Amino acid sequence: MAPFPADDPASETPGAVVVRGLAGTAVVLPAEYARLPFGRQPGPDGVKVGEDDPRVSREHGALTYRRGWWLLSNSGHTPIEFSPTRLLHSDDEPEPLPAGFTTLLVVGSGGRKHPLEVRVNAPDHNRPMPVTGPTLPGRRWDLTPAQRLVLTVLGQQYLRREIQPQPMSRGHVAEIMGALEPGGEWDVKKVDRVIAAVRGLKRTEVPEPIGNSLNHNLLTELAITTNSLTRADLDVLDRLD
């Protein structure tokens with residue numbers, strides 16, 4: 001089924017998918033095996049994305065309607081990012097998209113990410129309704145002063161917005177904490193206890209893979225996703241320097 005232009009009444013149809021890129025927008029109605037490809041040169045029925053990036057495949061992915069779901073598939077050489085922690089690769093099973101808005105990022109060359117905005121109309125209404133009233137505040141995690149200080153030292157690369165940040169070593173954290181609080185008897189075990197207490201509060205929120213990834217996920221949640229830690233927390237370290 002060929003896509004409709006963005007201003008066509010079809011964009012209001014329950015269950016339709018609307019895909020918007022920098023080069024244009026297309027709408028496809030919900031019909032079994034209906035398909036909307038996207039990529040550098042996806043053909044007349046597709047949406048262009050990453051036109052000037054040779055690492056983006058001619059057809060990098062597609063949305064296909066099956067049994068009431070729009071399924072996202074990847075046929076390109078680079079992944080498609082569709083959530084803060086989820087990458088879809090070409091050998092992954094197609095991913096069903098929920099009703100509402102989903103932002104896709106097609107990974108290109110040199111760290112570039114090419115955006116596509118996908119809107120799946122819910123079957124019971126044509127689009128998410130606008131929300132009025134005050135803006136809801138972002139979620140933040142409550143931290144004790146000691147937890148905030150230890151996690152600031154541990155995650156200073158995240159707060160400084162360094163590329164590919166990593167947690168500081170616990171030994172280095174203990175050394176800095178000893179300089180900040182000379183009478184605190186800081187060592188690696190004490191640092192571990194503080195970090196473990198915070199992770200315990202977040203056990204249902206943060207995946208827990210083996211190794212340093214656990215602390216990486218924790219700091220990503222606190223310093224990037226929720227802003228529970230902010231750049232202002234670095235002031236105490238800058239004064240120490």
Counting only protein heavy atoms and a 1.4 Å probe, tell me what percentage of the range 51-98's accessible area is made up of carbon and sulfur. 49 percent
Expected output is a single nm value to one decimal: the length gained when fully extending between ALA122 and GLN166, i.e. 0.36 nm times separation in residues minus the C-alpha distance. What is it? 11.9 nm
Return, for the Cα atoms of the range 28-98, the radius of gyration and Dmax in Å, separated by a comma. 12.0, 35
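The values are calculated or read from the model by the stated rules, or taken from the named source; none is laboratory data. Please read all numbers here as calculations on a predicted model, not as lab measurements. These accessible areas exclude ligands, DNA and RNA; they are computed on the full protein's heavy atoms, side chains included. Shrake-Rupley method; radii C 1.70, N 1.55, O 1.52, S 1.80 Å.
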